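Here the structure comes first, spelled out in structure tokens, and everything after it is commentary.
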Amino acid sequence: MFLDGIYGIILFCIKIGIRLKYRIHVDGIDNVPKSGPAVFICNHTSIVDSFFIGCFLPRKIYFMAKSTEYESAAVRLFLYLSRTFPVRRYDTDPISLKNAMRVLSFGGMVGVYPEGERTWDGEMTPFRNGTIRFLLAAGVPIIPAGISGAFQHQPRWGGKMGNPDIRLSIGRPIHSPKIKGKDQTREDVRSLAQRLVSAVSELTEGHSENR
Amino acid sequence: MIEKFLYKCPICMAEESIETQKNGDISCRACGARFAYTEDYQLSITTGSEKQTMTLREAYETIYGGQFPRPADDAFTRRKGEILWAKSSRAKLFQEQKAGIFRGYKKIRAQLYRFSLIDAGNLYLTNKRLLFHGIKDYEIGLEELSSVTIESHAIMMNTKRGYALSISFVRESGKKWEDYIRRAVQEFHGKKKIAEYHPRITFH
């Protein structure tokens with residue numbers, strides 16, 4: 001409780017900082033279910049994406065974060081407080097999937113960047129097959145979201161391209177059938193990937209009918 | 001800076017020639033092209049009196065691929081049939097090691113790892129292997145790589161030996177080396193087209 005209080009203060013300060021530094025708009029917040037298991041997916045454009053999502057979503061989100069972020073004790077404490085858990089990006093990581101399933105089993109919401117890394121050029125990259133397989137195995141509502149404008153503020157390669165408004169658009173939940181890993185076919189993976197890429201692209205480009 | 005991504009000039013294809021000045025001006029040392037961002041966040045490139053605009057993706061697609069540099073380094077001992085494709089400038093080699101257990105909320109548990117510096121030197125890439133030449137030599141056959149990706153600007157490679165390695169480059173673009181190694185792995189596997197390079201190399 002004490003640590004949660006400290007984290008609440010940190011988050012509040014970050015939120016004020018974000019409001020002062022950026023012109024940020026958030027759409028479709030009502031599409032996030034108030035409770036129950038869900039997976040939140042979003043395109044990954046900049047290092048600050050997780051702060052936007054963490055600050056503006058109305059419920060706690062357990063993000064998968066790359067394992068190399070956990071090397072420093074101070075960062076590790078912050079990642080603990082912000083309810084992330086590590087995933088090794090350079091290897092298949094069954095423990096991180098087990099942790100994600102554990103979060104879903106108590107009705108929590110897991111956050112994943114299905115591209116598996118930040119974009120280099122501002123455009124979306126293909127979703128990882130492993131993420132799609134996890135979503136099929138989980139069989140819980142998938143909340144798609146798109147971020148636009150953040151890349152120009154802080155591209156992956158450093159510097160700054162401009163100062164546009166940042167928009168976080170959250171779409172309506174997508175329901176996919178629950179299919180156990182061994183029963184998943186390539187067609188199941190391809191079909192869900194196509195639906196999710198299309199939903200996130202439309203939300204990113206700002207002309208989604210799905211908001 | 002953009003040279004970490006555009007490691008070749010999209011106009012003259014010279015490697016590591018783009019540089020960003022402290023005042024934000026971007027230009028190519030080799031051909032003199034000047035780069036700026038347009039209002040819709042494309043790349044505007046001026047060469048002499050000519051001006052052209054392209055998206056970042058188009059610029060990257062222009063520089064991707066082509067011939068490996070094939071440095072003439074006689075000090076490198078080639079094996080039979082081996083072709084030296086690229087050699088890095090100063091780089092650091094790190095090896096993954098276990099670093100305790102992460103205990104998160106709701107009984108989340110995960111193994112933590114850290115990358116420890118094990119050597120500094122130069123990385124050689126051939127059609128058969130990667131060789132990191134520092135105080136010692138560390139050799140990884142292309143067939144041993146199970147994933148190749150990049151985090152921040154360091155290359156992350158997992159091996160079938162049971163541990164991962166990371167290489168960070170002091171001056172060069174990590175993205176360039178990620179592209180080089182991925183292309184080398186693809187060429188090594190020939191007709192088997194690679195679908196994903198991480199978290200595990202998988203084929204179509």
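Readers should treat all values here as calculations from the given coordinates under stated rules, not as data from a laboratory. All of these numbers come straight from a predicted model, not from anything done at the bench. Quick reminder, even Gly has a Cβ in these numbers, built from the backbone with ideal geometry, and neighbours come from all protein chains shown.
Brief remarks on what is shown
- Between A:A100, A:G28, A:I53, the Cα set farthest toward the positive side of the dipole of chain A (charges on each charged residue's Cβ, about the Cα centre) is that of A:A100.
- Within straight-line reach of B:K193, meaning a Cα separation under 18 Å, sit the following aspartates and glutamates at least 8 residues removed in sequence or on another chain: B:E143, B:E144, B:E178, B:D179.
- 13 Å Cα-Cα reach of A:K60 towards aspartates and glutamates, excluding residues that sit fewer than 8 places from it in its own chain: A:D4
- For the stretch B:42-99: relative contact order, % (alpha-carbon pairs under 8 angstrom, 6 or more apart): 21
- About the centre of its Cα atoms, the protein assembly as shown shows a dipole size close to 1460 debye [charges on the beta carbon of Lys, Arg (+1) and Asp, Glu (-1) only; nearest 20 debye].
- Summarising the strand pairing of chain A, around 25 percent of its internal DSSP beta bridges are antiparallel.
- Contact order relative to length of the stretch B:2-63, as percent, for alpha carbon pairs under 8 angstrom and 6 or more apart: 26
- Applying Stokes-Einstein at 37 °C and 0.692 mPa s to the Kirkwood radius of the stretch A:2-205, computed over alpha-carbon pairs, gives a translational diffusion coefficient of 189 µm² s⁻¹.
- Cross-link partners of A:K66 among lysines (Cα-Cα below 25 Å; sequence separation of 8 or more within a chain): A:K15, A:K98, A:K160, B:K4, B:K92, B:K98, B:K106, B:K107, B:K160, B:K175, B:K176
- Shape of the stretch A:11-64, Cα gyration tensor, a/c cut at 1.5: prolate
- Neighbour net charge for B:T202 - beta-carbon separation under 11 angstrom, K R +1, D E -1: +3
- Cβ crowding within 10 Å, taken as a proxy for footprinting-reagent exposure, orders B:L93, A:L168 from fewest neighbours to most as B:L93, A:L168.
- Checking every one of the GluC sites (Glu not before Pro) in the stretch B:1-74 against DSSP loop status and a limit of 15 other Cβ atoms within 10 Å picks out B:E39.
- Using the rule -39500 (n - 2.57) for each DSSP H run of four or more residues, divided by the residues of chain A, the 222 nm mean residue ellipticity is -12000 deg cm²/dmol.
- Number of partner chain Cβ atoms within 10 Å, mean per residue of A:154-165: 5
- When only Cα pairs below 8 angstrom with a gap of at least 6 residues are kept, chain B shows a relative contact order of 15 percent.
- Between B:K192 and B:Q21, the modelled labels are 5.1 nm apart [label points 7 Å from Cα along Cα→Cβ].
- Radius of gyration and Dmax over the Cα atoms of the stretch B:84-203, both given in Å: 15.1, 51
- Checking every one of the chymotrypsin sites (Phe, Trp or Tyr not before Pro) in the stretch B:1-71 against DSSP loop status and a limit of 15 other Cβ atoms within 10 Å picks out B:Y64.
- Only one residue of B:P71, B:Q111, B:A14 has its Cα farthest out toward the positive end of the dipole of chain B, where Lys and Arg carry +1 and Asp and Glu -1 on Cβ, and that residue is B:Q111.
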